[in-house]
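Below you'll find the structure, written out as structure tokens, and then a few comments.
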Amino acid sequence: MTSETIHRLLADNDFLPESKFGQNFLCDDQIIESIIDLCEINPEDKVLEIGPGLGSLTRSLSCKTNNLTCVEIDKRLAEFLDKDDEIKASIISSDYLKLKDYDASEYDVVVSNLPYYVMTDIMKKIIGDCTNCRKMVFMVEDEAIARIIAKPNTKQYGPLSILCELYGEVTREFTVPRNCFIPSPRTTSAVISLTRGNNKLDSNIVKFIDKCFTNRRKKLVNSCPELKGILEEHGYDSNIRAEQLMPGSFLELYNAIIN
Ligand code: SAM
């Protein structure tokens, strides 16, 4: 989609981009193609796109698979995409964060030019829900990458970095300048890809890690009393704080609680 196409679609349909929904529409065909390539979609793959917007990625995605589902919070956009015969996708008109009982475990690939105001929550939900997904490709604010790849004992380290590391390999692929969007976002963006490793994650693990960080300055047992005793049994200092634990330790402790 070029900037001319985006401007035309906005004008023809009387749409104004909604900043409350983080609407910055991608208008650079080369970037769109590079994102689609990173997804490594096989024709039989089930693909999930969060926030299709005007369909910048959706049009190309629907040429790669017959199994594309898109979740869009803005009812006008969801209706617009649903009516477009060129787009072969199942469009769910909903806030993704409120979506329950969907076929999450069946998706092989998830892709999103993420709405930046809810980036962290959407990424955490995808990682917790899409338990069999082998590849995730996201457009994020460049400055958010520090939080995604943060290491223990740093200010940026938290549930998002832990979940990304547990999910698999995180790669910062390329920078996307502000002028590749209409309207331009506040900062430069970047595309990242996540390739699944061997850990099995689910939404309960996401809840557990969030709970561990309820009060990051206090002892971990204050946020998570279930860990009393378990920490020492597993060789950890009983006064340890969540931000001092390696990602793998959260899985180890979660498994100790549930077993
Ligand atoms: N994919 C399009 C593109 O690349 O041009 C639009 C990307 S725009 C940055 C983010 C999109 O996510 C918007 O269409 C917005 O309406 C949608 N969105 C925002 N919050 C959402 C949520 N909670 N659930 C689903 N979609 C959401």
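For the chain, the percent of C-alpha pairs falling in each 10 Å distance bin, counted from 0 to the bin holding the largest distance, reads 7, 30, 33, 19, 9, 2, 0. The distance separating the Cα centre of region 96-147 from that of region 148-217 comes to 10 Å. Specify whether the C-alpha gyration tensor of region 78-197 places it in the rounded, prolate or oblate class, a ≥ b ≥ c being the square roots of the eigenvalues: rounded for a/c under 1.5, otherwise prolate if a/b is larger than b/c and oblate if not. Oblate. Pairs of C-alpha atoms in region 1-87 farther apart than 18 Å represent 42 percent of all such pairs.
According to the calculation over all Cα-Cα pairs in region 1-155, the P(r) per 5 Å bin from zero is 2, 9, 19, 23, 22, 14, 7, 3, 1, 0, 0 %. Assuming charge only on the beta carbon of Lys and Arg (+1) and of Asp and Glu (-1), the dipole of the chain about its Cα centre is about 1180 debye to the nearest 20.
Tally Lys and Arg at +1 and Asp and Glu at -1 over the other residues with C-beta under 15 Å from the C-beta of residue 143: what net charge comes out? Neighbour charge sum, excluding residue 143 itself: +3. Remark on region 202-245: ratio of C-alpha radius of gyration to 2.2 N^0.38 Å is 1.08. Computed in the context of the full set of protein chains, the accessible area of the chain at 1.4 Å probe radius has 46% of its extent on carbon or sulfur. Note on the chain: dipole from Cβ charges, positive end direction compared against 5, 215, 104; the farthest Cα belongs to 215.
Remark on the chain: 27, 39, 63, 70, 164, 180, 212, 224 stand apart, with no other cysteine beta carbon under 4.7 Å. Heavy atoms of the protein chains alone define the surface here; on that basis the chain has 48 Å² accessible area per residue at 1.4 Å probe size. Rg of the Cα atoms in region 127-259, relative to 2.2 N^0.38 Å, amounts to 1.17. Helical runs assigned H by DSSP (4 residues or longer) give the chain a calculated mean residue ellipticity at 222 nm of -9500 deg cm²/dmol, each run adding -39500 (n - 2.57) before division by the residue total. Across the options 116, 227, 259, the greatest Cα extent toward the positive end of the charge dipole of the chain (unit charges at beta carbon of Lys, Arg, Asp, Glu) belongs to 227. All C-alpha to C-alpha distances of region 159-224, sorted into 5 Å bins beginning at zero, yield P(r) values of 3, 14, 17, 14, 13, 14, 13, 8, 2, 0 percent in whole numbers.
The values are calculated or read from the model by the stated rules, or taken from the named source; none is laboratory data. This is a predicted model, so every value here is computed, not measured. Using ideal geometry, Cβ is built from the backbone for each residue, glycine included, and neighbour counts are taken over all protein chains shown. All accessible areas refer to the heavy atoms of the entire protein, side chains included, with ligands and DNA or RNA removed. Shrake-Rupley method; radii C 1.70, N 1.55, O 1.52, S 1.80 Å.
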